[in-house]
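Mind looking over this structure? Questions follow.
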Amino acid sequence: MSAATFAERRAAMGFCLQCWLTLLLLSLLVWASFAYLSLDLSRLFSAESGRGMLRFVLRFFPPDTSAEFLRKIAKGTLETLAISALGTLLAAGAGLLLALPAAGRMGPVLKALTRFLLNALRSVPELVWAALMVLAAGLGPFAGTLALALHTSGVLGRLFAESLENAAPEPARALVESGAAPALVFGYATLPLIAPQLIAYSLYRWEMNIRMATVLGFVGAGGLGQMLYYELSLLHEAQASSVIIAMFALVVLVDAASAFVRRRQMRPGG
């Protein structure tokens, strides 16, 4: 057996040993988690649990399709769509402004401070921001919009900053050498290069914010989520089912529209 073959077998055996040790460690962690939380999966898959879940699901059918309730759902859907769209738009503008210093274009001190701010904004979940904004601005869609804008600004600001850092420097350098002002260099050389990435990131976050906007209503931030919380708290399963269907339809439509726009952006002439 050659030295190379022996070394390859030793490397393969070492890799397999590491795989088995990793699987063993993960299995121990999963078992310890079930033991610590006192979870009994056998009760979940028992016949009695199955019958209970079936009875629970059947209580949501048929959905409420009365004209008056459908009008309420339409209003809540538009409110959710507006919350997510406006929150994402505000976040995209704030993220682009914060991305400039975060990418190091205004000195190392501002870069460190801005990156700390972006980390702080996105480290707080949207639900926590929503709870804080409800206390600050009151119940309603304004609190939900602010919550989405604050969290998404941290996310988009970091993504935009990375796009700026990875942008090809040659077009900007050519304009600088020709004596162009910094604002013109950014607007005519850097921004056109990263615009498709910025749009794609913003659309992706809008998709996520649609889902999150439907959840923020549980803390009083308006939209379909607030309707769902209200109906569930009163045990109105039929009405809650209609709201859930509206949430699903809204997410599907926005995902399809966002995917269409991203495909157009990826085309050479798009």
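Only one of these is touching a residue at least 12 places away in the same chain (Cβ under 8 Å), within 23 Å of M212 (Cα to Cα) and either touching a helix residue (DSSP H, G or I) at 6+ places or on another chain (Cβ under 7 Å) or surrounded by 12 or more Cβ atoms within 10 Å (Cβ to Cβ) (or both): T80, T114. Name it. It would help to see each step written out before you state the result.
Numbers: T114 fails: within 23 Å of M212 (Cα to Cα).
From the options T80, T114, the qualifying one is T80.
R105: of a type in the set (K, R), over 26 Å from R158 (Cβ atoms), at pLDDT below 90 and surrounded by 11 or more Cβ atoms within 10 Å (Cβ to Cβ), yes or no? It would help to see each step written out before you state the result.
Values: of a type in the set (K, R): yes; over 26 Å from R158 (Cβ atoms): no; at pLDDT below 90: yes; surrounded by 11 or more Cβ atoms within 10 Å (Cβ to Cβ): yes.
It is false that R105 is of a type in the set (K, R), over 26 Å from R158 (Cβ atoms), at pLDDT below 90 and surrounded by 11 or more Cβ atoms within 10 Å (Cβ to Cβ).
Select, from G87, G95, the only residue that is farther than 24 Å from V185 by Cα, modelled with pLDDT of 90 or more and in contact with a Ser or Thr (Cβ under 9 Å, 6 or more places away or on another chain).
Testing whether each residue is farther than 24 Å from V185 by Cα, modelled with pLDDT of 90 or more and in contact with a Ser or Thr (Cβ under 9 Å, 6 or more places away or on another chain) leaves just G87.
Is there any pair linking a residue in segment 177-197 that is closer than 22 Å to L159 by Cβ to one that is at pLDDT below 75 and outside any helix (DSSP H, G or I), with Cβ under 7 Å and at least six apart or on different chains, and which?
As it stands, the answer is none, since no pair meets every condition given.
Is it the case that segment 141-157 has a residue that's surrounded by fewer than 21 Cβ atoms within 10 Å (Cβ to Cβ), out of contact with any Gly (no Cβ under 9 Å at 6 or more places or on another chain) and part of a helix (DSSP H, G or I)?
No, that holds for no residue.
Conditions first: (1) surrounded by 19 or more Cβ atoms within 10 Å (Cβ to Cβ); (2) of a type in the set (V, I, T); (3) modelled with pLDDT of 90 or more. I245 passes all but one, so which condition is the exception?
Failed condition: (1).
Only one residue in G140, G144, G187 is at pLDDT 85 or above and of a type in the set (G, A, S), so which one is that? Before you say what the answer is, go through the steps one by one.
On the way: G140 fails: at pLDDT 85 or above; G187 fails: at pLDDT 85 or above.
Going through G140, G144, G187 in turn, just one is at pLDDT 85 or above and of a type in the set (G, A, S): G144.
Could I ask something else about it? Quick check, is A11 exposed (fewer than 10 other Cβ atoms within 10 Å of the Cβ) and either at pLDDT below 85 or among the aromatic types (F, W, Y) (or both)? Talk me through it step by step, then tell me what you get.
Working: exposed (fewer than 10 other Cβ atoms within 10 Å of the Cβ): no; either at pLDDT below 85 or among the aromatic types (F, W, Y) (or both): yes.
Considered against the rule, which asks whether it is exposed (fewer than 10 other Cβ atoms within 10 Å of the Cβ) and either at pLDDT below 85 or among the aromatic types (F, W, Y) (or both), A11 comes out as no.
Could you please give the count of residues in segment 125-140 that are under 19 Å from M208 (Cα atoms) and surrounded by 15 or more Cβ atoms within 10 Å (Cβ to Cβ)?
Residues of segment 125-140 that are under 19 Å from M208 (Cα atoms), as a first pass: 125-131.
Those still in the list that are surrounded by 15 or more Cβ atoms within 10 Å (Cβ to Cβ) too: 126-127, 129-131.
Going through segment 125-140 one residue at a time, the tally reaches 5.
Among the residues of segment 54-71, count how many are in contact (Cβ under 8 Å) with a residue 12 or more places away in the chain and either assigned to a helix (DSSP H, G or I) or in contact with a Lys or Arg (Cβ under 9 Å, 6 or more places away or on another chain) (or both).
Kept after step one, since they are in contact (Cβ under 8 Å) with a residue 12 or more places away in the chain, are these residues of segment 54-71: 59-65, 69-70.
Subsequent filtering for residues that are either assigned to a helix (DSSP H, G or I) or in contact with a Lys or Arg (Cβ under 9 Å, 6 or more places away or on another chain) (or both) retains 69-70.
The number of residues fulfilling the criteria is 2.
Given A120, A168, which one is without any contact (Cβ under 8 Å) to a residue 40 or more places away in the chain and outside any helix (DSSP H, G or I)?
A168
Here is a check on your reading of the model: is Q239 among the polar types (S, T, N, Q), over 29 Å from R122 (Cβ atoms) and surrounded by 15 or more Cβ atoms within 10 Å (Cβ to Cβ)? Steps first, answer last, please.
Details: among the polar types (S, T, N, Q): yes; over 29 Å from R122 (Cβ atoms): yes; surrounded by 15 or more Cβ atoms within 10 Å (Cβ to Cβ): yes.
When the stated conditions are applied, Q239 passes them.
Cβ-Cβ under 9 Å, sequence separation 6+ or interchain: first residue in segment 203-232 and more than 12 Å from V243 (Cβ to Cβ) and at pLDDT 85 or above, partner part of a helix (DSSP H, G or I) and basic (K, R). Which pairs?
The qualifying pairs are L203/R262; Y204/R262.
If L97 passes every condition in (1) farther than 16 Å from E162 by Cβ; (2) surrounded by fewer than 16 Cβ atoms within 10 Å (Cβ to Cβ) but one, which one does it miss?
Only one criterion in (1) farther than 16 Å from E162 by Cβ; (2) surrounded by fewer than 16 Cβ atoms within 10 Å (Cβ to Cβ) is unmet by L97, namely (1).
The values are calculated or read from the model by the stated rules, or taken from the named source; none is laboratory data. Keep in mind that what you see is a predicted model, and the values were worked out from it rather than measured. We place every Cβ from the backbone using ideal geometry, glycine too, and count neighbours over all the protein chains shown.
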